[in-house]
1. Once Lys and Arg get +1 and Asp and Glu get -1 on their Cβ, which of W48, M38, T156 lies farthest toward the positive end of the dipole of the chain?
2. Leaving ligands, DNA and RNA out of it, rank R101, R135, R67, R396 by accessible area with a 1.4 Å probe, largest first.
3. With a Förster radius of 25 Å, plug the Cβ-Cβ distance of V407 and R331 into 1/(1 + (r/R0)^6) and report the FRET value to the nearest 0.05.
4. Taking every pair of Cα atoms in region 353-497, average 1/r, invert it to obtain the Kirkwood radius, and report Rg/Rh to two decimals.
5. Which far-off residues, 5 or more places away or on another chain, put their amide H under 5 Å from the one on L71, with H placed in the peptide plane?
6. So how exposed is V27, as accessible area in Å² (1.4 Å probe, rounded to 10)?
7. Determine, from the Cβ-Cβ distance of W293 and N454 and an R0 of 41 Å, the FRET efficiency 1/(1 + (r/R0)^6), rounded to the nearest 0.05.
8. Let's see if you can work this out: charge +1 on each Lys and Arg Cβ, -1 on each Asp and Glu Cβ, no other charges. What is the dipole magnitude of region 187-281 about its Cα centre, in debye to the nearest 20?
Amino acid sequence: MNSRFRLWFRSPIFLLSLAAGLIAFAVQSGEVGTADTMHRLQSTHAFWTSEPPVFPNEYPEFGVHGRNGSLQSWYGIGQSLLMLPQDVLGTYIGRLHVFDRYGDTDPTVRDIVVTYLTQMFVTVLTALVCFRLLRQFLFSVNHSIAGTLAFLLATTHLHYTQNMMENNYICLLTLVGISFEYEWLHTGSKRALAIGTGALGLNLLTRLTTGMDLLASAFFVLLVLWFEGVRGRALWRRCREYAVIAVPVFCFFGFLDRLYQFYRFGSFTNTYVSLVAKETIARDPSLPSNYPWTTPWHEGFFGALFAPEKSIFLFDPLIILALFLLVLHWRRIPPAVRAYAIATCLMLLAYLSFYARYFAWAGDFAWGDRYVSTSVELVALMAIPLLLKYRHEAGRAVWIMGMVLLVVSVLIQIESLMFWLPLEIYQEETLGHPTFVIALRAKNIVAFALGKMNAWGLNNVPMTQDPWDYVHITCWNFLPFLLGRVGEAPAWVVRVAFAIWFTALAALAATLVRIRQVATHSPRVSAQGDTPSWQSRLV
């Protein structure tokens, strides 16, 4: 047993899994993060209880009329299915006698169970798949470990680990799709192709716009074949082999999505967007006929790139490093990495263009632009592995720039965790636009720590108008602090929560130190080397 235990702590896969789980555990607030996820969780609850997916008092703020006049949620089924086992477990745990006095106080026992289990599960799998993909791209163990940790800690993935929107789940499935489709390219494994296309198909159940992820992944396959010199009949044969498995899988998941749409709204062909638009315009005829596609395209497109409140370069600075290094080392990097870079950059452009005209083009209540953040993260994934692999070729200046951007990126993501995300949105009602949100969050952190929120003019009336929101934006956004702020949990429970939280932080620090020790002695893989067989089998 001791020998096996020592082997675990020499394994980069085990240590990455442990670090990912501890990261997800440490950053949770116990709340689902947004009203969107709260509504999706209610849809989950409606699957197996007598409760409706939408309560009558929530309409018209939320919900749309479906078959037989019933109120229905307007989201896909994907994340609701993901949360189903945790919702069942959390509901029954919340009914235990020990929680009778706590009741439905926020954060509820059910929400705590759902958020912790779901986010730890998704984050651990994401770490494993990131590591797998980077090793498939012939980065060394060291570089793959560093790239994976940078992805988890230095991109907006960390923010969405705390705030349980669909983003990280979509990101996971897209990474699985790319990784296993790439495995099929080099092994011919039909099982791998079925897993990859199945993950991309499952994404469609979460958000139909992930069809862009599906197309980007298919284009990645085509580009790899092209860059590796496959032409003519050989190229056509591989495309046909891909389509034989991929098309039925995609059609199957597309049919499941349409079946769910028919179950709710009685139609196989429409989308919830058109139904919501129809009911919203009926309530407010002053809205333009093209609602919700009312934003001028250039405003939404360039806003996502450069607006101080939402710029992808401000909220995910690692994308700057990734793009720079891809251009700098384009002739050096392997064909698969070039194919991945082109496919993910095109996917980012597609998302930017698609959502540019949406009335809430950046996702409204969100940290950064949540509609494009996943594709930004996927591009940024290459930043640190490329920086490390070509350190000597790039020179000292590039290395220093890369390290600075990495540190800044980590600090920005940690900033995003400190308060519940609507804080700056409320403050913007009096501060006006444009507002440099990253700097405002830093100012909020310092002011709150020093007790200077009022003195520095950071409190305003809009923050206090919703009592529930006010409680949540005026404390550090981690479970022990939130339990203490709400004041319903017994003092001993709050103390135990703090003890567990600090223990988790210490365990995370120790795990990261151990990862560094293991990475220092891990074998390297050259650009011409083969991915180890144990790694190619990693799921």
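The values are calculated or read from the model by the stated rules, or taken from the named source; none is laboratory data. Small disclaimer: the values here were computed from a predicted structure and weren't measured. Note that each Cβ is placed from the backbone with ideal geometry, even for glycine, and that neighbours are counted across all protein chains shown. These accessible areas exclude ligands, DNA and RNA; they are computed on the full protein's heavy atoms, side chains included. Shrake-Rupley method; radii C 1.70, N 1.55, O 1.52, S 1.80 Å.
1. T156
2. Working: R101 230, R135 5, R67 100, R396 185 Å².
I get R101, R396, R67, R135, largest accessible area first.
3. Numbers: r = 29 Å, r/R0 = 1.16.
After rounding, the FRET efficiency stands at 0.30.
4. On the way: Rg = 19.1 Å, Rh = 18.1 Å.
Looking at region 353-497, the ratio lands at 1.06.
5. G66
6. Using a 1.4 Å probe on the heavy atoms, I get roughly 10 Å².
7. Working: r = 41 Å, r/R0 = 1.01.
Rounded to the nearest 0.05, the efficiency is 0.50.
8. Numbers: 11 positive and 5 negative charges, 70 e Å.
Its charge dipole is roughly 340 debye.
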